[in-house]
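What follows is a set of notes on a single structure, which appears directly below.
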Amino acid sequence: MATGRLGLEETLGALNAALGPGGPVWFRETRARHLRARDFLAPRQALRARFGDGQVPERVLRALADLQGPGVAPVLRCEPTPAGLALRLQRAAVFERVLGAVGAYAAPARPAAGAPRVLLHCPALRAAPRALRLGQLRAVLVADHLARALRAHGVKVRLAPAVQDPHLSAFLQQLRVDWPAASEPASAEALRSRALAEVTAAGDPGALPAGDLGGVCLKELAGGRGRAAGCDPTLDRGLVTEDLLAQLADLQAAAQPGPEDPSPGLAPAPGAVDSCVAVHVLSGEEEAQQQQLDLLWRELDEWAPLAQKHLVCGPVRAAGAPGSLTAPEYYELRLAQVRAASALKHGRDLAQDPAWTETFSILSAATIKFEMLSKAPQGQLLLDLADSMSTKGPRSGTFVLYNCARLATLFAGYQRGLEQGLYPPFPPASSLDFSLLREEGEWLLLFNSVLPFPDLLSRTAALAGARTDMVCRFLVQLSMDFSSYYNRVHVLGEPQPHLFGQMLARLQLLRAVQEVLHAGLATLGLPPLSCL
């Protein structure tokens, strides 16, 4: 039997290569009604553009039917249809390959090798917690999610600034944001000496207000090698302050190689762009100051990374709320709504029940993260603050955790049946008969959720055009597909031996779904719930 992880990207690449030179033609089907007949389609119009009359040569059809290669899923048939060239996989074989190696599909497809260190900088974390605005909160959550995705991909990540306010650290813990804390600020003395040398010509430093060191010409700094690209052309002069130097000191300390880095005792060459990439995750109102900070860092610190990127998050608006609504107020609102929804569901107020305190905190954090992260970070976000929390709302973080709890309940039910002698022990996956998985929803879960998840993780960790919205949207769709299947199919059937084969194959599929769900939640810093 063939081994190795199957990949949708590898399969699509092989399909397009089999058609000969030219751009990509094939696409993967995702809708249930199309998946009843095919898994991939090469549209007729695209085939006409490739082959003139649209007639695919017989040799190409044979190559497609015999498609093989690393990561390529086995083909059952490939045939012309009115919609184009339709291809269907050997589904039982795909089930067997995937469900026989579940762990491989809950990890990135291509772990990073030799990637530069990444310094993620979120200026919003210098604010006092009670002053943290919604737009800044969005930047914090994007940075935290990106850090987790990069680390899951094997990338070494540093975070800045280290949080010094204990109240802000406590608030981040409520939100399940993993960010370093520091009791003292990094030393800025060396940077201060260099800054004074740079700004002396701008005027008499003794005549400046306390905390101001002088001005610098930002246009001149932006004209340096590799610095002008992306800079605001209206930047003219900037004021160097003690606060600005403190921010630079935080960045300088975080960018230094640590014990986990190769040869930490050896300093890299000045301007070694491949050793570290700085990504500044910020709200729109922070961008101008951050550009000034970038330029000063490169001017005052010869070891500063030349590779610096800005991920600017779009504005956040809250319908029906004052513009002054702060992040802690937003959290308290969602927490109150989660508690009210739970009281309605269970018929009693559980707010004072210590057993539910942690659950309410997780649900509130999940609600906020899915709201803030379900859209591409660069776009504007409109929050609906209406009191409509529900564990069964199909677009919320609570809905995802609700289905996570349903899966846990399902496996707990199997374990109880096993202990009572009703169900057989779970055999090795290699002995299961996956040809018994014939229900439409079973292929939908494997083909749309388990199989594509490794590629999704890899795309989430890409710094170019960061798409931190993909995991949330993926988990919501996975939960909707699982919920539909779970409501329709009684997985733990009657304890009759002739039904055990199908039951165990289904449990193995749902075990894979559970692992993918848990791995996706981990990139959001959310633990799975076992009951709700």
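The values are calculated or read from the model by the stated rules, or taken from the named source; none is laboratory data. Only a predicted model underlies this, so the values are computations on that prediction, with no experimental measurement involved. Reconstructed Cβ throughout: ideal geometry from the backbone, glycine too, with neighbour counts over all protein chains shown. With ligands, DNA and RNA removed, areas are computed over all heavy atoms of the protein, side chains included. Shrake-Rupley method; radii C 1.70, N 1.55, O 1.52, S 1.80 Å.
Among beta bridges from DSSP that stay inside the range 24-175, the antiparallel ones total about 75%.
Please work out whether the range 392-449 counts as rounded, prolate or oblate from its C-alpha gyration tensor, where a ≥ b ≥ c are the square roots of the eigenvalues and a/c under 1.5 means rounded, while otherwise a/b larger than b/c means prolate and anything else oblate?
oblate
Rolling a 1.4 Å probe across all protein chains gives Asp53 an accessible area of roughly 110 Å². Computed extension gain for Cys531 through Ser183, at 0.36 nm per residue and net of the alpha carbon distance, reaches 121.5 nm. To put it simply, the accessible area of the range 8-89 at a 1.4 Å probe is 52 percent carbon and sulfur. Restricting the trypsin sites (Lys or Arg not before Pro) of the range 403-445 to loop positions (DSSP other than H, G, I, E, B) with no more than 12 neighbouring Cβ atoms within 10 Å leaves Arg438. The slack in the chain from Arg48 to Gln380, taken as 0.36 nm per residue of separation less the alpha-carbon distance, amounts to 115.5 nm.
If R0 is 56 Å, the Cβ-Cβ spacing of Glu58 and Asp165 corresponds to a FRET efficiency of close to 0.20. Taking all protein chains together and rolling a 1.4 Å probe, Trp303 ends up with roughly 100 Å² accessible.
Rounded if a/c is under 1.5, else prolate if a/b beats b/c, else oblate: with a ≥ b ≥ c from the C-alpha gyration tensor eigenvalues square-rooted, which is the range 1-98?
Taking the square roots of the gyration eigenvalues as a ≥ b ≥ c, the range 1-98 is prolate.
Ordering Tyr423, Tyr331, Tyr486 by accessible surface, largest first, gives Tyr486, Tyr423, Tyr331; the 1.4 Å probe counts only protein heavy atoms, with every chain in place. Proximity of backbone amide H atoms, modeled 1.01 Å from N, is registered between Leu76 and Arg88, Leu89, Gln90 at under 5 Å, excluding neighbours fewer than 5 places apart on the same chain. With a Förster radius of 41 Å, plug the Cβ-Cβ distance of Leu344 and Arg151 into 1/(1 + (r/R0)^6) and report the FRET value to the nearest 0.05. Result of the calculation: an efficiency of 0.60. The simple spin-label model puts a point 7 Å past each Cα toward its Cβ; for Asp353 and His518 those points are separated by 2.5 nm.
Once R0 is set to 51 Å, what does the formula 1/(1 + (r/R0)^6) return for the Cβ-Cβ distance between Ala37 and Ala464, expressed as a FRET efficiency to the nearest 0.05?
My answer for the efficiency is 0.90.
Sequence-distant contacts, meaning Cα pairs under 8 Å at least 6 residues apart, place the relative contact order of the range 8-89 at 33 percent.
Counting heavy atoms of the protein chains alone, Leu76 has an accessible area of about 90 Å² for a 1.4 Å probe.
Is the shape of the range 296-452 best called rounded, prolate or oblate, per the rule: a/c under 1.5 gives rounded, else a/b larger than b/c gives prolate, else oblate, with a ≥ b ≥ c the square roots of the Cα gyration tensor eigenvalues?
The shape class here is oblate.
For the range 445-477, the residues whose backbone nitrogen is under 20 Å from a point 7 Å from the Cα of Glu287, taken along Cα to Cβ, are 463-469.
Within the range 412-447, the GluC sites (Glu not before Pro) that combine a DSSP coil assignment with at most 15 other C-beta atoms in a 10 angstrom radius are Glu439.
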